[in-house]
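Data first, discussion second: the structure below is written as structure tokens.
Since every read-out is calculated from the coordinates, none of them should be taken as a lab result. Just so you know, these numbers come straight off a predicted model, no measurement behind them. Note that each Cβ is placed from the backbone with ideal geometry, even for glycine, and that neighbours are counted across all protein chains shown.
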Amino acid sequence: MAVMTDMPAVTALRAPASTAAAAGNHKDADKLRFIEEMTSDVDAVQERVLAEILAQNAETEYLARCGLDGATDRDSFRAKVPVVTYEDLQPDIQRIANGDRSAILSAHPISEFLTSSGTSAGERKLMPTIKEELNRRQLLYSLLMPVMNLYVPGLDKGKGLYFLFVKSETTTPGGLTARPVLTSYYKSDQFKNRPYDPYHVYTSPTPAILCADAFQSMYVQMACGLCQRHDVLRVGAVFASGLLRAIRFLQLHWEQLAADIEAGSLTPRVTDPAIRAAVAGILRPDAELASFVRAECSRGDWGGIITRVWPNTRYLDVIVTGAMQQYIPTLEYYSGGLPMACTMYASSECYFGLNLRPMCHPSEVSYTIMPNMGYFEFLPIDEASGDVASGDAAHLVDLARVEAGREYELVITTYAGLNRYRVGDILRVTGFHNAAPQFRFVRRKNVLLSIESDKTDEAELQRAVERASALLRPHGASVVEYTSHASTKSIPGHYVIYWELLTKCGGDSAIAGNVLDRCCLEMEEALNTVYRQSRVADGSIGPLEIRVVRGGTFEELMDYAISRGASINQYKVPRCVSFPPIVELLDSRVVSAHFSPALPHWAPARRSD
Ligand code: AMP
């Protein structure tokens, strides 16, 4: 059975008529028809969604403050409701977190907070959500397989090996749970008690996904994936970095995994009784499989390991757009060039839409925002400055009126009570499916460094450098210039910070190495909670590295930029570099490299609580 990477000839999405699984196809046909309807009637659906949201939340304090007075039409909404950022909403969100149950943002009770990987003052943003949003998210998930079935037939004949994880949760002072959106979803009845569906059979037992211990969860998901290796038709994780972590895990733990497979029992390092019980039916003594795992993993050649171990894999199901782009070459290497399907675009605030051509090349991915998910508006980006032309509400463009080729910042209004909220994502319109615009994810605003879900901005990096460089002062040294690079050459990736130092005696190596090691750790302590959680709880980011470059390196960097056309007057030191010749230039001037000697502090509780 071939994988079709091209669009079916017709623009409209239709379930294939010839395949046998009639029941499945009826369901698929309904879902595809739903997509067609939603995307054909974008503006009318948006108008209805806005009216529904405003009617539902008419009695809220927030909309009353805006002076909406119960109006549910677009004109009143446009005239009265301001465009806001998280910081604008923080006082209201804090009240809800502290236990105020009155209808502040949403008329429906806030069921929990979703903790975004975007941070504010170093802490994850808290996004209020309501029960019914779970159904809306579920609806978007239900559209993914019908679309995939158009391109890859026969996925009901095997299983998906997905590395899925929950993260820790906390309780706000007012007693609401706060956790990431996927943790909330995996722990929901919708996920735990999902009815059997041949298109959604996974190799990972649900208790393994729900185990909060990252090692035990990964170990068991990998073991079960190995035991069912011939059944696996797709291999995935949410983001590319997660799948690469799984491969790294196999590289580190294959000997133990092979021993367990040979013995048919789990290592005592896996202590969670629920997973031990769940694995009992899957892990049986299998000497042949154990020697296969040993043979494949001891070769020292990891190229194509995914297809060697899981030979029936048709595609990788991972997001490789946005910050994850940096992992495409590595994933191509490990998978021997399998297609990578980026199926959906979503956030804690709202699930936005899906990729209607999931088998297209990663560089071609566009997401179609589904107009029933929320109310969407767009702030045009000024092409010259790369920033929004104006944050003024008067400049907002409706979903149905964005222009092909232009870039916009996404602004959302949700059923859960966010009104004209700036998400911070910059999107480019690449075309239309029916009347629905399709968007390429361009970038997240203000993100300088990212290894996985961490998002470090320029101000955070500056603060971290300042805090760490204070440790140099007693040694008569200071940082004259710095820049950074997200290094993903090895897994897990890590932050590399290039420092040019000024020392009292002028020498580049006048500072003792252990002082610079401590500077690395001090920088990590200064970074946001998502970074520190990835370092400590998930092990998905490696120790931060400072590379000291010799004096004059940053002047060379400027010369290089000017030789490539930068203006001397306007030149600014880039605070993050990724262009290979520049990284090479910096690396060739390194006099010493230092790594963080310990883990920074991190605890699930929020610092401000
Ligand atoms: P969070 O709220 O932590 O789930 O993060 C949501 C953010 O992740 C979005 O606002 C985007 O910046 C990013 N994101 C989500 N899905 C995608 C995708 N398919 N491609 C690129 N970036 C994405």
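Over the Cα atoms, compute the radius of gyration (one decimal) and Dmax (the largest Cα-Cα distance, rounded to a whole number) for the range 89-243, in Å.
Here Rg and the maximum Cα pair distance are 17.9, 54 Å.
Mind jotting down the distance between the C-alpha centroids of the range 542-609 and the range 241-286, whole Å?
39
For the pair residue 252 and residue 78, what calculated FRET efficiency results from E = 1/(1 + (r/R0)^6), where r is the Cβ-Cβ distance and R0 = 41 Å, to the nearest 0.05?
0.15
Could you compute the net charge surrounding residue 468? Neighbours are other residues with a C-beta less than 13 Å from the C-beta of residue 468; K and R count +1, D and E count -1. Please list the in-between numbers first.
On the way: positive: 463, 467, 473, 518; negative: 460, 466, 517, 522, 524, 525, 545.
Once positives and negatives cancel, what remains is -3.
For the residues 484, 40, 111, what sequence is obtained by ranking on other C-beta atoms within 10 Å, fewest first? Mind showing how you got there, number by number?
Numbers: 484 25, 40 14, 111 18.
Neighbour counts put them in this order, fewest first: 40, 111, 484.
Taking amide hydrogens as modeled 1.01 Å from N in the peptide plane, which residues meet the under 5 Å criterion relative to residue 370, leaving out close sequence neighbours?
Those lying under 5 Å, H to H, from residue 370 are 353, 354.
Could you give the length gained by full extension between residue 44 and residue 194, i.e. 0.36 nm per residue of separation minus their alpha carbon distance, to one decimal place? Please list the in-between numbers first.
Details: separation 150, 0.36 × 150 = 54.00 nm, distance 3.25 nm.
Stretched fully, the residue 44-residue 194 segment lengthens by 50.7 nm.
Which whole-Hz couplings ³J(HN,Hα) result when phi for each residue of the range 122-131 is put into the Karplus expression 6.51 cos²θ - 1.76 cosθ + 1.60, θ = phi - 60°, listed in order with x for Gly and Pro?
Here the 3J(HN,Hα) series is x, 10, 4, 5, 9, 9, x, 9, 10, 3 Hz.
Cα gyration tensor of the range 488-609, axes a ≥ b ≥ c as square roots of the eigenvalues: rounded (a/c below 1.5), prolate (a/b > b/c) or oblate? Numbers along the way, then the final one.
Values: a/c = 2.16, a/b = 1.59, b/c = 1.36.
It is prolate, given that a/c is not under 1.5 and a/b is the larger ratio.
Just how large is the dipole of the chain about the Cα centre, in debye to the nearest 20, putting +1 at every Lys and Arg Cβ and -1 at every Asp and Glu Cβ? Mind showing how you got there, number by number?
Values: 61 positive and 71 negative charges, 207 e Å.
Here the size comes out at about 1000 debye.
Starting from the amide H of residue 424, placed 1.01 Å from N in the peptide plane, find each other amide H under 5 Å away whose residue is 5 or more places distant or on another chain.
410
Give the Debye-formula value of log10 I(q)/I(0) at each listed q (0.20, 0.24 Å⁻¹), with one equal scatterer per alpha carbon of the range 169-234, two decimals each.
So the normalised log intensities are -0.92, -1.14.
Taking the number of other C-beta atoms within 10 Å as the exposure measure, put 65, 308, 179 in order starting with the fewest.
So the residues, fewest neighbours to most, are 65, 308, 179.
When the helix-only estimate is applied to the chain (DSSP H runs of n ≥ 4, each -39,500 (n - 2.57), divided by the residue count), what is the mean residue ellipticity at 222 nm, nearest 500 deg cm²/dmol? Display every interim value, and only then the final one.
Numbers: 20 runs with 214 residues, N = 609.
Calculated at 222 nm, the ellipticity per residue is -10500 deg cm²/dmol.
Please arrange 320, 49 by how many other C-beta atoms lie within 10 Å of their C-beta, fewest to most.
Details: 320 23, 49 20.
With the fewest neighbours first, 320, 49 line up as 49, 320.
Could you check the simple spin-label distance between residue 382 and residue 64, using points 7 Å along Cα→Cβ, in nm with one decimal?
Calculated label separation equals 3.9 nm.
With θ set to phi - 60° and the Karplus curve 6.51 cos²θ - 1.76 cosθ + 1.60, what are the ³J(HN,Hα) couplings of the range 538-555 in order, to the nearest whole Hz, using x for Gly and Pro?
With the stated coefficients, the range 538-555 comes to 9, x, 9, 10, x, x, 5, 10, 9, 10, 7, 9, 6, x, x, 5, 6, 5 Hz.
Do me a favour and compute the ellipsoid semi-axes for the range 279-353 from its Cα gyration tensor, root of five times each eigenvalue, largest one first, whole Å.
Largest first, the range 279-353 gives 31, 18, 10 Å.
Restricting things to alpha carbons, tell me how big the range 279-411 is in terms of Rg and Dmax, in Å.
21.4, 68
For the range 24-149, rounded, prolate or oblate, judged on the Cα gyration tensor with a ≥ b ≥ c (square roots of eigenvalues), a/c < 1.5 rounded, else prolate if a/b > b/c?
Verdict is oblate for the range 24-149.
Projected area of the range 554-593, taken from the Cα convex hull and averaged over every viewing direction, in nm²?
Quarter of the Cα hull surface area: 3.1 nm².
State the dimensionless ratio Rg/Rh of the range 200-335 (Rg: radius of gyration of Cα atoms; Rh: Kirkwood radius).
0.95
In whole angstrom, how long is each semi-axis of the equivalent ellipsoid of the chain, when you take the square root of 5 times every eigenvalue of its Cα gyration tensor and sort them from largest down?
37, 35, 25
Quick one: length gained pulling residue 389 to residue 564 fully straight, 0.36 nm per residue minus the C-alpha distance?
Details: separation 175, 0.36 × 175 = 63.00 nm, distance 2.74 nm.
Taking residue 389 through residue 564 to full extension adds about 60.3 nm, to one decimal.
By average Cβ neighbour count within 10 Å, what is the ranking of 208-221, 434-447, 588-601 from highest down?
Ranked by mean Cβ neighbours within 10 Å, highest first: 208-221, 434-447, 588-601.
Taking H as built 1.01 Å from N, whose amide H comes closer than 5 Å to the amide H of residue 118, not counting residues under 5 places away?
125
Between residue 271 and residue 170, what FRET efficiency follows from the Cβ-Cβ distance if R0 is 30 Å, with the result rounded to 0.05? Don't skip to the end; give the middle numbers.
Details: r = 23 Å, r/R0 = 0.78.
It comes out at approximately 0.80.
Please list 296-303, 171-178 highest first by mean number of surrounding beta-carbon atoms within 10 Å per residue. Kindly include the intermediate steps, with their values, before the conclusion.
Numbers: 296-303: 12.9, 171-178: 16.4.
Final packing ranking: 171-178, 296-303.
From the cross-link list 27/167; 27/192; 27/131; 125/159; 31/455, which pairs have alpha carbons spaced over 31 Å apart? Spell out each step's value before the answer.
On the way: 27/167 33 Å; 27/192 21 Å; 27/131 25 Å; 125/159 35 Å; 31/455 35 Å.
Going by Cα-Cα distance, 27/167; 125/159; 31/455 fall outside the 31 Å limit.
Apply the Karplus parameterisation 6.51 cos²θ - 1.76 cosθ + 1.60, with θ equal to phi minus 60°, to every residue of the range 446-454 and state each ³J(HN,Hα) to the nearest whole Hz, in sequence, with x for glycine and proline.
Ordered by residue, 3J(HN,Hα) equals 6, 10, 9, 10, 7, 9, 9, 8, 5 Hz.
Mind ordering 521-534, 358-371, 81-94 by average Cβ neighbours within 10 Å, highest first?
Highest-to-lowest ranking by the protection proxy: 521-534, 358-371, 81-94.
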